[in-house]
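To start, the structure under review is shown below, and the notes come after it.
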Ligand SMILES: C[S@@+](CC[C@H](N)C(=O)[O-])C[C@H]1O[C@@H](n2cnc3c(N)ncnc32)[C@H](O)[C@@H]1O
């Protein structure tokens with residue numbers, strides 16, 4: 001059996017079990033109006049809270065924790081129940097990683113008439129799916145419902161794209177005074193991984209693409225990197241972006257097996273130097289492919305550079321004082337940058353930037369954020385229902401006086 005065939009069989013078993021867990025029984029479907037899973041007989045299934053905003057496209061991770069954190073922003077807390085909706089200045093939020101719209105749907109359900117959620121994604125398919133789902137929030141007069149405004153943009157460019165957006169009714173600029181919160185649920189959606197043609201999954205055969213949107217920030221596809229970078233460059237990428245312990249060996253195998261144009265060819269190239277099963281699981285084929293694919297995806301989409309920009313420039317520029325930055329990371333590079341910006345005001349290592357006066361007090365530039373609470377992980381029940389939640393780390397910060 002070829003190595004790639006082995007992985008496909010493994011994936012089929014895995015996806016069968018995770019689908020049942022994450023999306024209900026094969027005979028159920030999601031009813032977006034009632035936000036409940038309906039069985040084929042039409043009755044409401046026992047609806048687990050975590051699944052409430054899940055669709056076949058994607059199951060939003062820690063949605064309740066994310067939405068509560070956004071809504072704990074200063075202006076939302078200052079709202080009083082007895083004031084009329086028409087008296088209220090709208091709250092404005094940005095979902096910077098719209099995906100299937102699960103988090104946006106949960107947020108919109110909690111907001112008042114006239115409030116605004118921008119849903120941003122680089123992927124036009126995600127925007128189309130989420131816009132269909134959230135259509136009822138798009139075309140109305142704002143007297144009964146909040147607004148959903150889709151924006152096709154890289155989140156690294158939101159400081160220019162979102163500021164140009166006009167109010168659907170008044171046609172005036174919306175973001176003059178800043179926004180009340182930005183949510184970033186990093187990485188790729190389940191739908192992107194499940195779509196073989198996108199080339200994100202090592203368990204599915206497809207072109208070596210991995211671009212999140214039509215125009216990748218690097219201008220490269222994964223095939224360009226595998227076929228054109230020299231061995232040393234590949235080795236550096238695998239070490240830097242996924243701590244691959246056998247980066248040199250894997251890079252050499254890729255160079256000797258090129259040209260590579262499909263995910264299966266890449267898996268087979270890695271398989272020439274990697275055992276299907278290893279004593280140490282992390283040295284086996286599945287774990288090695290996961291790391292190699294992750295590092296290629298990061299380079300194709302310039303994820304490190306874009307994340308640095310959104311955290312250190314876009315968010316401090318757009319979030320108003322007392323507003324919230326809510327970030328969910330899925331690997332250590334993302335979480336490290338998030339932690340540093342929230343704690344130190346920069347994505348640089350603390351050692352490089354710490355400035356103290358002679359008394360040991362901080363004397364560097366003002367920090368834009370203060371962390372709110374500790375990092376959070378998904379609860380066990382959620383991880384059982386949605387294995388993707390296992391690696392998620394949620395961090396929250398509040399925008400300080402600018
Ligand atoms: C984990 S999914 C978000 C899922 C979403 N929270 C939901 O509930 O369905 C991440 C999404 O962010 C998008 N994305 C990743 N990097 C991006 C970037 N730099 N700019 C804009 N969107 C990005 C991906 O295309 C993907 O749709």
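Matching residues to (1) more than 12 Å from the ligand (Cβ to nearest atom); (2) in a helix (DSSP H, G or I); (3) touching a helix residue (DSSP H, G or I) at 6+ places or on another chain (Cβ under 7 Å):
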residue	(1), (2), (3)
89	yes, no, no
105	no, yes, yes
113	yes, no, yes
126	no, yes, no
Exactly one of 152, 172 is within 11 Å of the ligand (Cβ to nearest atom) and surrounded by fewer than 21 Cβ atoms within 10 Å (Cβ to Cβ), and that residue is 152
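Quick grid of which residues meet (1) within 22 Å of residue 98 (Cα to Cα); (2) modelled with pLDDT of 95 or more; (3) outside any loop (DSSP other than H, G, I, E, B):
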residue: 254; (1), (2), (3): no, yes, yes
residue: 259; (1), (2), (3): no, yes, no
residue: 273; (1), (2), (3): no, yes, no
residue: 288; (1), (2), (3): no, yes, yes
residue: 291; (1), (2), (3): no, yes, yes
residue: 320; (1), (2), (3): yes, yes, yes
residue: 325; (1), (2), (3): yes, yes, yes
Of the conditions (1) free of Cβ contacts under 8 Å to residues at least 12 places away in the same chain; (2) part of a loop (DSSP other than H, G, I, E, B), the single one that residue 336 does not satisfy is (2)
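The values are calculated or read from the model by the stated rules, or taken from the named source; none is laboratory data. Just so it is clear, the model here is predicted, and its values are computed rather than measured. Every residue, glycine among them, receives a Cβ derived from its backbone with ideal geometry; neighbour counts consider all protein chains shown.
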